[in-house]
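Structure record follows, encoded as structure tokens.
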Amino acid sequence: MDALRDLREASCGPVGAPGVTADLSENIILTSLDDLHNWARLSSLWPLLYGTACCFIEFAALIGSRFDFDRFGLVPRSSPRQADLLIVAGTVTMKMGPALVRLYEQMPEPKYVIAMGACTITGGMFSADSTTAVRGVDKLIPVDLYLPGCPPRPEAIFDAVIKLRKKVGNETFAERGNLRPTHRYCTIPHQMKRIDPIVTGAYLRAETQQAALAAAAGLPMGATGSVTSVPAPTAASTDA
């Protein structure tokens, strides 16, 4: 009986915790390919050095030691073939539109776009009377994140990058095609229709404006604030 009991305990006893798992529990990471791929991409976003107006000054301030955007893994690249993030900083004109689309198409997939500043998003101050400013860069290329401001602070750019990192971290290989923007409509060959100008100069022909101009025309030169020139001393007066 004792021998049978010993045999049963030896064969049916509980299995102890293996030592291999305890030794390697802090050295092995179990994850999915999507999470690993997204972690690598969101930690190494390489923006393209692209700027057209004053918003790029705020973007350039990130390169300095005060903000140091290298801690986010952002490495500015001068070639679109090595960049995966395009921060459109500044006003985009119709003449610049084809060049911007060419830079975007030369960037490898997956790529992301941040529209920085009011002029980039809606045309900004130039949306009312400019004949060349594009009213929104999303008419040319798909935009992933909009960053309003005139111009946005460097801290706002950090916030936009953090939000973009969250978007990158939630992507999957299977659903990547569904997450891409589908509202892109390219308007490079701008078919502009000729219309009558809004500013016709009617205010200059108004009676009040004509009276003001006539009153200013009769004033002497000294009364209008002009500086009279002082004649240079001659050689004779200098010798005296």
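General remarks:
- Charge tally around K166: other residues with Cβ under 15 Å, Lys/Arg +1 each, Asp/Glu -1 each, net -1.
- Reachable lysines from K95, criterion Cα separation under 22 angstrom, eight or more residues apart if same chain: K139, K193
- Summing +1 for each Lys or Arg and -1 for each Asp or Glu among the other residues whose beta-carbon sits under 10 angstrom from that of G73 gives +2.
Each reported figure results from applying straightforward, stated rules to the coordinates on display, with no laboratory input. Quantities reported herein were computed from a predicted structural model and do not represent experimental measurements. Note that each Cβ is placed from the backbone with ideal geometry, even for glycine, and that neighbours are counted across all protein chains shown.
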